[in-house]
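Q: Just dropping this structure here.
The values are calculated or read from the model by the stated rules, or taken from the named source; none is laboratory data. What you are looking at is a predicted structure, and each value in this text was computed from that prediction instead of being measured. Cβ placement follows ideal geometry from the backbone for every residue including glycine, while neighbour counts extend to all protein chains displayed. Each accessible area value is taken on the protein alone, full model and side chains, heavy atoms only, with ligands, DNA and RNA left out. Shrake-Rupley method; radii C 1.70, N 1.55, O 1.52, S 1.80 Å.
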There are 2 protein chains.
Amino acid sequence: MTDYAKLALDKHKELRGKIAIVNKDQLDSKDQLSTYYSPGVGAVSSHLAAHPEELRDYTWTNNCVAVISDGSAVLGLGNIGPEGALPVMEGKAMLFKHFAGIDAVPIILDVHTPDEIVSAVAAIAKSFGGINLEDIAAPQCFEIEERLKELLPIPIMHDDQHGTAIVTLAGLINSCKITGRELKDCKIVLVGSGAAGTAIARLLYEYAAPEIICVDSKGILYQGRDNINAEKAKLLAYTNPNNVEGSLADALHGADVFIGVSQPGLLTAEMVQTMAKEPIIFGLSNPVPEIMPEVAHAAGAAIVATGRSDFPNQVNNALAFPGIFRGALDNGVRKITQAHKMKAAEVIAGLVAEPTAEQIIPPVGDERLVSAIAAVIR
Amino acid sequence: MTDYAKLALDKHKELRGKIAIVNKDQLDSKDQLSTYYSPGVGAVSSHLAAHPEELRDYTWTNNCVAVISDGSAVLGLGNIGPEGALPVMEGKAMLFKHFAGIDAVPIILDVHTPDEIVSAVAAIAKSFGGINLEDIAAPQCFEIEERLKELLPIPIMHDDQHGTAIVTLAGLINSCKITGRELKDCKIVLVGSGAAGTAIARLLYEYAAPEIICVDSKGILYQGRDNINAEKAKLLAYTNPNNVEGSLADALHGADVFIGVSQPGLLTAEMVQTMAKEPIIFGLSNPVPEIMPEVAHAAGAAIVATGRSDFPNQVNNALAFPGIFRGALDNGVRKITQAHKMKAAEVIAGLVAEPTAEQIIPPVGDERLVSAIAAVIR
């Protein structure tokens, strides 16, 4: 098996960074210098000072997204700070370029309160056509994204929340088709109520209003439980309609769907056996899922999805964000809405002509993805 | 004559921005994705969280500079705001790439007080290996640059100040050689005490301690004059040693050197005739200089420099900043000092093997510039 840790350290050190800037034209002649810099550029500056709404017609902002993190929740590594976050943000910039042709600039923030992060991002926002927030810890990530969306007239998306939610919804749409379910009638148990879990619950509920029961490390979230932070309390507005109490095992009795964005090995074969017939299991903890696919299948699971590329049905944000931002930039979308996310999920699901238990969502390399998603982000 | 205003508007609109991002390697295979993004990148992140001082070895920060402006003093256009500034910052990014191979990211700030600018730049600074401040108005530019240099362990330079000062010093070194002067014995009249003028005065004084008399729109700066702001008051610590009063014309009597970073047409032939024999005239107001070269020469000037590329002796910041940042990045320099600027000026002057009145500094295209300057920035 490839030692990606060693390979990554070696290649990063060899290349000394993974992205670079190129000029779109030469600067060899006096005419070129005078066109792209002084004195010619002065005419463009004067024009944009008078018509700031035309910024994108004359600058790279029409194709440029910032990938911004404070390093407070990097991959599965936790709060490792801005330096630790930068290789991931550069990697994300590579993905933006590779999949969607978007120029993405990695920005790491050395400030950490919501006020400071909102101020810093707002101060630099006009430099970009959109903002991909990345690897910012819950619950601050919710407030930061909401406030920035209020403040700024450009598309902003915290991908850890919404990318995961979109692809999860896409996978569930096809999983229901395969197993003969209606999403609205499903009982869904969702473990993990951080950034991704919260966004998944909200998107699933707004899409089809299924019964959702959220579970955290202390058990089922219910009205009246102690130790519920404000963001988890908000989940109770549309989850756990019968206000049941108990453990994960209690929640799973008769459930149609398990979605885990939590911890390796959390879900046992015994628990799967108590679920409804032919249950759907999304074990998205990465790299080690909540249950290994072969164990889940042996316990009766009809469909298993994970976050890994070496198993079928990889729930990968890269299915969604390139097309979302491609569409937002090209179609002048100023706010990415819940409706956009639902449409994107339907597009992703629709690209699988005949969904099977082994293929509920397209692979990341599917070349139809970006343009198909972009077409509905308008 | 080429209509650069029209050409610039057309080309900017056609290209929709002048720079783009490219990936340094492909992302076609699963191995590449797993090396540059998850899971491999996690090893790089963990390593940098433990060894943040190695950030440059594994990310593009080793070759990446931010070009940052709040749009408060763009070209000769004044305070036209961030949108108006962005085409200039993108143009500067092109120059960085073209001349020095540096990846430069244009950042426009939508905040304008020194406190806000310092906070925003400090918050994002770890994303970059250096910071080129650009087109920020005096006197705020002085405080902003000083505070950021105090705060941040990366090379920072406000190019409007220091780029101009370095190239002016280079030109004066050779002008003195040609006219048989010692810079330390020169009487220099400097008109304009904004960003560039202040930096020129300081660098010339620290380099050779000549007699410098600063002049602004109200006449000679002297101890006791009304209407002197704090930054201009600082200039009096090392200029106007005899505390003379009067007008520009008064200051120029017997002067060896005129340096203007002020207004078109300010210097008359009559004034030049009252200067010392074979005076040196730097009329750097752009695009229309303080005096046209042919007028200055007819009045007795031995050497005339301007900011224009269509006259001999163009004092152009692009002679200095690419090599300064190339050296600072490559040699791990954390602070660009006055000593660095003096060395850079000497290198620029030294590249003209036999200076003449028509060539006191090398042309912008001189391919020796960047590596020669970079070699002394350490």
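Q: Evaluate peptide A:104-111: per residue, the Cβ atoms of other protein chains within 10 Å of its Cβ; return the mean as an integer.
A: Details: counts 1, 7, 7, 8, 9, 5, 7, 5.
Per residue, the average neighbour count from other chains is 6.
Q: With the other protein chains left in place, how much accessible area per residue, in square angstrom, belongs to segment B:57-151 at a 1.4 angstrom probe?
A: 23 Å²
Q: Over segment A:1-118, what relative contact order in percent results from Cα pairs under 8 Å that are six or more residues apart?
A: Relative contact order here is 22 percent.
Q: How long, wide and thick is segment B:71-218, going by the Cα atoms along their three principal axes, in whole angstroms, largest first?
A: Its Cα atoms span 48, 39, 29 Å along the three principal axes.
Q: Suppose we keep just the DSSP beta bridges with both residues in segment A:214-350; what percent of those would be antiparallel, to 5?
A: Among the beta bridges of segment A:214-350, antiparallel pairing accounts for roughly 20 percent.
Q: Continuing with this model, one more query. Restricting attention to segment A:292-378, which GluC sites (Glu not before Pro) occupy a DSSP loop and are surrounded by at most 14 other Cβ atoms within 10 Å? Walk me through the numbers before you get to the answer.
A: Numbers: sites: A:GLU294, A:GLU346, A:GLU358, A:GLU367; in loops: A:GLU358, A:GLU367.
Taking segment A:292-378 and a limit of 14 other Cβ atoms within 10 Å, the loop GluC sites (Glu not before Pro) found are A:GLU358, A:GLU367.
Q: Could you look at segment B:321-378 and say what percent of its accessible area is carbon and sulfur, using a 1.4 Å probe and all protein chains?
A: Whole-percent figure for carbon plus sulfur exposure: 53.
Q: Taking 8 Å as the Cα distance limit and 6 or more residues as the minimum spacing, I'd like the relative contact order of chain A as a percentage.
A: Details: 689 pairs, mean separation 51.1, N = 378.
The normalised contact order for chain A reaches 14 percent.
Q: Among B:LEU48, A:LEU15, what's the order by accessible area (1.4 angstrom probe), most exposed first?
A: The residues order as A:LEU15, B:LEU48, largest area first.
Q: If the viscosity is 1.002 mPa s and the temperature 20 °C, what translational diffusion coefficient in µm²/s does Stokes-Einstein give for chain B when Rh comes from Kirkwood over Cα pairs?
A: My calculation gives 98 µm²/s for D.
Q: Take the cross-link list A:LYS30/A:LYS92; A:LYS149/A:LYS232; A:LYS341/B:LYS24; A:LYS126/A:LYS232 and give me the ones stretching past 27 Å between alpha-carbons.
A: Violating the 27 Å Cα-Cα cut-off are A:LYS30/A:LYS92; A:LYS341/B:LYS24; A:LYS126/A:LYS232.
Q: Does anything in segment B:222-240 have its amide N under 15 Å from the 7 Å Cα→Cβ label point of B:GLU143, and if so which residues?
A: Backbone N within reach: B:229-234.
Q: Let me ask you something else. Tell me the net charge near B:VAL352. Cut-off is 12 Å between Cβ atoms, B:VAL352 excluded, with +1 for each Lys or Arg and -1 for each Asp or Glu.
A: -2
Q: Quick one: among A:ALA122, A:ALA318, A:ALA302, which has the greatest mean-square fluctuation in a GNM of chain A with alpha-carbon springs under 10 angstrom?
A: In this elastic network of chain A, the residue with the biggest mean-square fluctuation among A:ALA122, A:ALA318, A:ALA302 is A:ALA122.
Q: Just to be sure I understand: of the beta bridges DSSP finds with both ends in chain B, what percent are antiparallel, rounded to 5?
A: 10 percent
Q: Heavy atoms only, 1.4 Å probe, whole protein assembly: order B:SER175, B:SER247, A:SER217 by accessible area, highest first. Don't jump to the answer; show the numbers that get you there.
A: Values: B:SER175 0, B:SER247 50, A:SER217 105 Å².
From most accessible down to least: A:SER217, B:SER247, B:SER175.
Q: Could you tally the net charge around A:LYS184, taking each other residue with its Cβ under 13 Å from the Cβ of A:LYS184, Lys/Arg +1 and Asp/Glu -1?
A: Surrounding charge for A:LYS184 is -3.
Q: On to the next question. Ballpark to the nearest 100 Å², how much total accessible area do B and A bury together, probe 1.4 Å?
A: Buried area (both sides, nearest 100 Å²): 8400 Å².
Q: Follow-up question, since we're still on this one. Looking at segment A:206-306, which trypsin sites (Lys or Arg not before Pro) are DSSP coil and have at most 10 other C-beta atoms within 10 Å of their C-beta?
A: A:LYS277
Q: Then there's this: Sorted from largest to smallest, which semi-axis lengths in Å does the alpha carbon gyration tensor of segment A:1-98 give for its equivalent ellipsoid, taking the root of 5 times each eigenvalue?
A: Three semi-axes, in Å: 37, 19, 10.
Q: Next question. So what is the accessible area of segment B:158-237 per residue, in Å², with the probe set to 1.4 Å?
A: 34 Å²
Q: Which net charge results for the neighbourhood of B:ILE108, defined as the other residues with beta-carbon distances under 14 angstrom from its beta-carbon, given Lys and Arg at +1 and Asp and Glu at -1?
A: Details: positive: A:ARG56, A:LYS126, B:LYS92; negative: B:ASP70, B:GLU83, B:GLU90, B:ASP110, B:GLU116, B:GLU134, B:ASP135.
Net of charged neighbours comes to -4.
Q: Using a Förster distance of 41 Å, how high is the FRET efficiency between A:GLU14 and B:ALA269, based on the Cβ-Cβ distance and rounded to 0.05?
A: Numbers: r = 62 Å, r/R0 = 1.51.
With R0 = 41 Å, the Cβ-Cβ based efficiency is 0.10.
Q: Based solely on its DSSP helices, what 222 nm [θ] is calculated for chain A when runs of n ≥ 4 H residues each add -39,500 (n - 2.57) and the sum is averaged over all residues, nearest 500 deg cm²/dmol?
A: After summing the helix terms and dividing by the residues of chain A, the value is -13000 deg cm²/dmol.
Q: When every alpha-carbon pair in the protein assembly as shown is counted, what percent end up more than 34 Å apart?
A: Roughly 53 percent, rounded to a whole number.
Q: Here's a follow-up. Heavy-atom accessible surface, probe 1.4 Å, ligands and DNA/RNA ignored: which residues of segment B:12-26 lose at least 40 Å² versus the isolated chain?
A: Buried-area filter returns B:HIS12, B:LYS13, B:LEU15, B:ARG16, B:LYS18, B:ILE19, B:ALA20, B:ILE21, B:VAL22, B:ASN23, B:LYS24.
Q: How much of the accessible area of segment A:161-236, in percent, comes from carbon and sulfur atoms when a 1.4 Å probe is used? Provide the component values of the computation, followed by the final result.
A: Numbers: 1160 of 2600 Å².
Ligands and nucleic acids excluded, carbon and sulfur reach 45 percent.
Q: From Cα coordinates alone, what are the radius of gyration and Dmax values for segment B:48-110 in angstrom?
A: Spelled out, the Cα radius of gyration and Dmax of segment B:48-110 are 14.6, 47 Å.
Q: Could you rank B:ASP25, A:ASP250 by how accessible they are, 1.4 Å probe, largest area first?
A: I get A:ASP250, B:ASP25, largest accessible area first.
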